[in-house]
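A short worksheet on the structure shown next.
The values are calculated or read from the model by the stated rules, or taken from the named source; none is laboratory data. Here the structure is a predicted model, which means the values were calculated and not measured. Glycine also receives a Cβ, built like all others from the backbone with ideal geometry; neighbour counts cover every protein chain displayed.
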Amino acid sequence: MTSHQIRQAFLDFFRSKGHLIVPSAPLVAKNDPTLMFNNSGMAQFKDFFLGNGTPPSSRIADTQKCLRVSGKHNDLEDVGFDTYHHTMFEMLGNWSFGDYFKKEAITWAWELLTEVYKLPKERMYVSVFEGDSKDGVPFDQEAWDLWKPIVGEDRIILGNKKDNFWEMGDTGPCGPCSEIHIDLRPEADLALVSGKSLVNNDHPQVVEIWNLVFMQFERKADSSLIPLPATHVDTGMGFERLCMAVQSKMSNYDTDVFQNTIEVLESLSGKVYGGNDEPFADIAMRVIADHIRAVAFAITDGQLPSNVKAGYVIRRILRRAVRYGYSYLGLQEPFFHKLVAVLSDQFQDVFTELKAQEEFVTRVILEEEKSFLRTLESGLKRLDVITTSLKAKGISVIAGDEVFELSDTFGFPVDLTALIAREKGFQIDETGFQSALQEQKKRSRQDAAKEATDWIELRESDGVEFLGYDFEETHSNIVKYRKVKTKAGEEYHIVLDRTPFYAEMGGQVGDTGVLEVPVGTGLKTINISDTKKENDLFVHISTDKNLDDVLQQASHVLAKIDHGRRAKIKANHTATHLMLSSMREVLGTHIVQKGSYLNDEVLRFDFSHFSKVTDDELRRIEDRVNEKIRENILLDERRNVPIQQAISEGATATFGEKYGDFVRLIIFDPKFSFELCGGTHVPSTGEIGIFKFTSEGSVSAGVRRVEAVTGEKALEIMRRQEETIYLLKELLKGPTDLIKAVENLLEERNTLQKKITAMENEKLQEIKTGLISRMKTHKTFNLIVAKVNVPGADSLKQLSYELKDQVENLIAVFGTEIAGKPQLSVYIAENIVQETGLNAGKIVKELAKEIRGGGGGQPFFATAGGSDASGLDTALEKAKELF
């Protein structure tokens, strides 16, 4: 069977068992603060297990895109070195929400594996949970009794909490599980060692293929377990491992899931997978074939590579792949982006979103490759210098500041440096790296820590009813609340059974407002500063103090949003829809939303486009939006429309968003703006008033960003512009042609600037001549240490670089005082840096202590500034002694 047939057979089997087949959620987790990426098939159904929402069916099956590269479930370090771990993988799963339980899950799993996929029964083993006294969970006798007549006692293994009690995270739904393992070793090996003894022992051919999780508990923040309102089934079968078993391969990478990609790598590199003398060539091909899936699908689902949070994870996966191709396959030009087309064709009938964005994803990856390759070679050379020096000294740990230099100067993520170091037999000083990072940035890069108590349940509820499309205030009951400690103080998170408050999602900010609570004969007002969505809960956030008594005693509340703020938000959201449609008319239908943010002040919109939007194009888009505003088009809102019907009618959807089976349509003229949207909108476009762009620029490769304002904010900007023009005319004595007057001023300024630059350069040449005459010549280098009088800090760099063109093996340290502030610079010839390991950045930091300052830079040139000019002479004397 091909991989496509294997996947389809799974879905068809569970459809025949009454399961609803649903699409995969995006790879990037939305509205769940406990997850960065969806790391399991059950992630999108988490709230159904907790009883916070109602599933579309009590039986569901799907294939879910998953990513495990951070947090508790992190397989990144294993990828490539073994043949069965992956970053991005497909999880085939079937779920029961309060319907069937262990008997059906076990029986159907065995039926599918042995009767549909024809896997050999004698090669499979199963495990059941042995119990855990600490948690008070007993041995899973029920699962044992169900498996015994199917496989026999000799093929059942007792598993501990680590292997047979499944938890998605530190908190949330969990329960005992029963794993199915298969022994895929060659026939000759079966008699040598029992397959049973190799289960869960990291053998590449004795692997787990299916995990049947029996959801019975919820793990609370204090680590305790409480029973769930109903029992559920959550199963997960690794698609790639299943293909290895069904196709009788010795490795996941030998299946047709990966072979197309590996064949392209063979063509690009000239190496043969499995036929190389160099073991790292095969590892490199596995790493790259795996990583392209994670990177491509993450970008498709809206997560661009960046330096923070989820974006940093994607960037480091990409750079890990590029480094392996560079070092072990000889691929020293951009290659990674060429694999997108192969992946796109392979999954065009499964995850169609990649095919739709193939060009965009390719361009983003290409630009990332170019950026990293510019520093990769020099970074690897620098790492070689470091390790060679340490090896000669008998040191096996790379210092933290060296690791930080590789990160800051050469773009090596710390885990990539650790990986390369490990290949060379070294470790890194992780603590020292963190210390250097904090010193350079002057602030922590860690997320603000939040400490949350468990939810305090006040009354039962079937879920949250959002009424904010039709009402701006509602009478509601408080379902539960919790207290959260943050660095800014304490917050109360409040959940109501019905609410008019829109929770932040889809780029629209959450509503603010008040909850009015009857207390005695009066009212207690609770201020709501934000509303966020956590899974399927609408969480109302208040920073008011000491609310416990009020919340626990409240029989009901009047929930009221800030009407004026909501009106401005609605105007900005509708303007965003009109703007997107106008962009597609002016710039082309390739325009796709890649992100948005809108509040009552501004709307910000990211979109796929490969060149700057010109002023003329912006003006045409702006004119088109304002034209639609003047037409005062009435909103046509349609709720609970089947999603396939909406798409077939031409509705625009946003890639990376998870839509249900039924959607809401927002239409302002079906021939113009016709979108799937859950946000709030004006009843007619005329209420927007006016639309005005305020900026346009690049966010990343292939992604542009515009910002705009509407209504009163747009009028404010126009008034400020009028005032600016008036003041300019006053300053210039009322010229008849303001533009011509400014042009004359600029011309005069440029003429004067050229004269000043010529004079400064002449002075610099005199200084340079004098410095050469005072140069100290040593055996292996020429040294110049001097206090100089130069016009600006940039002159120190110019002076150093001009001198190095005239003086071989130069080391130059200069000090100057500019506007009362001391400045230092250190230059070391690059050949001296490579031969000795000297580092200008470290040296200038040490010298800067004398002027009460700090600085840094590259190993061959660095600068520092300070606050105590009286220490300049001491710093320069210190430099002389040092060299």
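What the table below lists for this structure:
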read-out	value
Tally, over segment 769-779, of residues that are under 16 Å from Gly815 (Cβ atoms) and assigned to a helix (DSSP H, G or I)	2
Leading residue by the ranking (surrounded by the most Cβ atoms within 10 Å (Cβ to Cβ)) among those in segment 850-874 that are more than 28 Å from Ser407 (Cα to Cα) and of a type in the set (A, V, I, L, M)	Leu872
Contacts under 9 angstrom Cβ, first residue in segment 732-759 being of a type in the set (D, E, K, R), partner in a helix (DSSP H, G or I) and surrounded by 11 or more Cβ atoms within 10 Å (Cβ to Cβ), 6 or more apart	Lys733/Ala741
Subset tally (residues that are touching a residue at least 24 places away in the same chain (Cβ under 8 Å) and surrounded by fewer than 16 Cβ atoms within 10 Å (Cβ to Cβ)) for segment 151-160	3
Of all residues in segment 138-150 being without any contact (Cβ under 8 Å) to a residue 40 or more places away in the chain and within 21 Å of Trp108 (Cα to Cα), the one that is surrounded by the fewest Cβ atoms within 10 Å (Cβ to Cβ)	Pro149
Any hit, segment 539-561, residues being under 26 Å from Ala29 (Cβ atoms), of a type in the set (Lys, Arg) and touching an Asp or Glu at 6+ places or on another chain (Cβ under 7 Å)	no
In segment 504-527, the residues that are closer than 20 Å to Ala25 by Cα and either among the hydroxyl-bearing types (Ser, Thr, Tyr) or not in a strand (DSSP E or B) (or both)	Gly506, Gly507
Filter result (free of Cβ contacts under 8 Å to residues at least 40 places away in the same chain and of a type in the set (Val, Ile, Thr)) within segment 534-557	Val550
Matching option when the condition is in contact with a Cys (Cβ under 7 Å, 6 or more places away or on another chain) and either modelled with pLDDT under 90 or not acidic (Asp, Glu) (or both), among Phe89, Phe13, Phe45	Phe89
Matching residues in segment 776-809 - criterion: being under 13 Å from Phe883 (Cα atoms) and not polar (S, T, N, Q)	Lys776, His778, Lys779, Phe781, Leu783, Ile784, Val785
Residue in segment 106-119 that is within 30 Å of Ser224 (Cβ to Cβ) and touching a strand residue (DSSP E or B) at 6+ places or on another chain (Cβ under 6 Å) present	no
Wholly enclosed helices (runs of 4 or more DSSP H) of segment 781-883 bearing at least 3 residues among the small types (Gly, Ala, Ser) and modelled with pLDDT of 90 or more	840-848
Helices (runs of 4 or more DSSP H) completely within segment 142-206 that count 3 or more residues being in the same structural domain as Phe45 (by TED's automatic domain parsing), within 22 Å of Ala43 (Cβ to Cβ) and not polar (S, T, N, Q)	161-164
Residue in segment 510-518 that is of a type in the set (Val, Ile, Thr), in contact with a Leu (Cβ under 7 Å, 6 or more places away or on another chain), at pLDDT 95 or above and within 12 Å of Ala559 (Cα to Cα) present	no
Residue among Ile591, Ile621 that alone is surrounded by 16 or more Cβ atoms within 10 Å (Cβ to Cβ) and modelled with pLDDT of 95 or more	Ile621
Among residues of segment 665-704, those that are in contact (Cβ under 8 Å) with a residue 40 or more places away in the chain, of a type in the set (D, E, K, R) and farther than 15 Å from Ala575 by Cα, counted	2
Residue count, segment 311-351 (criterion: assigned to a loop (DSSP other than H, G, I, E, B) and among the aromatic types (Phe, Trp, Tyr))	3
Meets criteria (in the same structural domain as Glu278 (by TED's automatic domain parsing), surrounded by 15 or more Cβ atoms within 10 Å (Cβ to Cβ) and touching a strand residue (DSSP E or B) at 6+ places or on another chain (Cβ under 8 Å)) for Ile386	yes
Filter result (within 32 Å of the chain's Cα centre (by Cα) and either without any contact (Cβ under 8 Å) to a residue 24 or more places away in the chain or surrounded by 21 or more Cβ atoms within 10 Å (Cβ to Cβ) (or both)) within segment 241-253	Arg241, Leu242, Cys243, Met244, Asn252, Tyr253
Selection count, segment 585-607, where residues are free of Cβ contacts under 8 Å to residues at least 24 places away in the same chain and not hydrophobic (A, V, I, L, M, F, W, C)	2
Single condition Ser582 does not satisfy, out of (1) in contact (Cβ under 8 Å) with a residue 60 or more places away in the chain; (2) out of contact with any strand residue (DSSP E or B) (no Cβ under 7 Å at 6 or more places or on another chain); (3) crowded, with 18+ Cβ neighbours inside 10 Å	(1)
Tally of residues being surrounded by 10 or more Cβ atoms within 10 Å (Cβ to Cβ), in a helix (DSSP H, G or I) and among the aliphatic types (A, V, I, L, M) across segment 732-745	4
Long-range neighbours under 6 Å by Cβ, at least six apart or interchain, first residue under 18 Å from Met244 (Cβ atoms) within segment 107-128, second charged (D, E, K, R) and buried (at least 16 other Cβ atoms within 10 Å of the Cβ)	Arg123/Asp183; Tyr125/Arg155
So Val833, is it closer than 29 Å to Arg852 by Cβ and buried (at least 20 other Cβ atoms within 10 Å of the Cβ)	no
Given (1) at pLDDT below 80; (2) basic (Lys, Arg); (3) surrounded by 23 or more Cβ atoms within 10 Å (Cβ to Cβ), index of the condition Lys65 fails	(1)
Residue satisfying condition, being assigned to a loop (DSSP other than H, G, I, E, B) and either of a type in the set (Val, Ile, Thr) or assigned by TED's automatic domain parsing to the domain that holds Glu631 (or both), within set Ser611, Ser581	Ser611
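Quick grid of which residues meet (1) acidic (Asp, Glu); (2) surrounded by 22 or more Cβ atoms within 10 Å (Cβ to Cβ); (3) within 29 Å of Ile180 (Cα to Cα); (4) modelled with pLDDT of 90 or more:
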| residue | (1), (2), (3), (4) |
| --- | --- |
| Asp256 | yes, no, yes, yes |
| Asn276 | no, no, no, no |
| Ala298 | no, yes, no, yes |
| Gln303 | no, yes, no, no |
